[in-house]
Amino acid sequence: MTRTESVLVGVDGSAPSLHALDWAAAYALQVGWPLHIVCTYSLPSFTAASLDGGYAALDDSAIQEGARAVLEEARARSEAAGVRTTATVTTGDAAGVLVEMSREHSLVVVGTRGRGGFTERLLGTVSSALPAHAHCPTVVVPYRSDAKDAEGAPQELPAVKPLRRIVVGVDGSPSAEIALRHAIRQAQAWDAELVAVAGVPVGAGAGLLAWLPASIDHEQVLADITEGLNVIIDRHEAEHPGLTIKRIVLDGTGAELLTEFSTASDLIVVGSRGRGGFRGLLLGSTSQAVLHHSACPVMVVTKKCEDDAPAAEDG
């Protein structure tokens, strides 16, 4: 596998995907990487009763022409921002295409929320499936159609903000360790504040640890988790002189806390344990919940990303 330091972004002509393109272009410009844009399309078919139950396939010339128009608009947009850009139109399932292409790139970006656009396929199912299967970290960029400009008028595409505050969920698991390492790289690349958040799901109403004795010492649990977080963060700060990571331990689940922090952050980084096998692989409940509810872009890093990375990448 040949992986380059480059950003891959999928577009489909919709406003959410163009917003993701703007985010990907800003990221590529910041880290000095080229950007590769891909637009995928598949040929729809339908059962034609008048053809004795046979299938009638649509001519792909108009569809392909539309895909190329979408791609050229996206390419012109990123090049106008000063980003080195290449672009490809491909046929096939959008999620499958992006998963396969993610082998060759260091980051893949997609938009989410909103429907329509050219293929109506890239958003929604792709933004849910891609992070679980990608061979490199995935950033899912949410789109808010109710965004307003400075004068209060509707804003078609929200402005992309630089990464000034990055929040990462840390729970002591191997997947969270992977997420923390990637969050550190992002914080260093953007000179951003990095905040490590751990949750204590034993407070009133959490319900996750209801099997524990009623006499459980909540303050002791809080102290134990804080101590564990400090051990992890101290080690990473020692490995990266000059790096300071803010530590926060609060009542609540990881998903609840990260979603809450997303309203005042520029990037949330989460790991995911997932569940084996390509078809059966699912993101963990925390990463799924954060993806669905985050107000800011979310980077998902799975163990697969590190397993499939070239050995020199972490050097």
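The values are calculated or read from the model by the stated rules, or taken from the named source; none is laboratory data. What you see is a predicted model; the values in this text were computed from it and never measured. Don't worry about glycine lacking a Cβ; one is built from the backbone with ideal geometry, like all the others, and counts go over all protein chains shown. These accessible areas exclude ligands, DNA and RNA; they are computed on the full protein's heavy atoms, side chains included. Shrake-Rupley method; radii C 1.70, N 1.55, O 1.52, S 1.80 Å.
Among all positions in region 168-177, there is at least one residue which is within 28 Å of Asp234 (Cβ to Cβ) and modelled with pLDDT of 95 or more. Does at least one position in region 85-96 carry a residue that is within 24 Å of Arg3 (Cβ to Cβ), of a type in the set (Ser, Thr, Tyr), modelled with pLDDT of 95 or more and buried (at least 18 other Cβ atoms within 10 Å of the Cβ)? Yes, there is a match, as at least one residue in region 85-96 is within 24 Å of Arg3 (Cβ to Cβ), of a type in the set (Ser, Thr, Tyr), modelled with pLDDT of 95 or more and buried (at least 18 other Cβ atoms within 10 Å of the Cβ).
Elements of the type strands (runs of 3 or more DSSP E) sitting completely within region 1-69 and holding at least 3 residues that are modelled with pLDDT of 65 or more, not assigned by the TED database to the domain that holds Arg84 and not charged (D, E, K, R): there are none. Among the residues of region 167-188, the ones that are over 13 Å from Leu267 (Cα atoms), in a helix (DSSP H, G or I) and either open to solvent by 20 Å² or more (accessible area, probe 1.4 Å) or touching an Asp or Glu at 6+ places or on another chain (Cβ under 7 Å) (or both) come to 5 in all.
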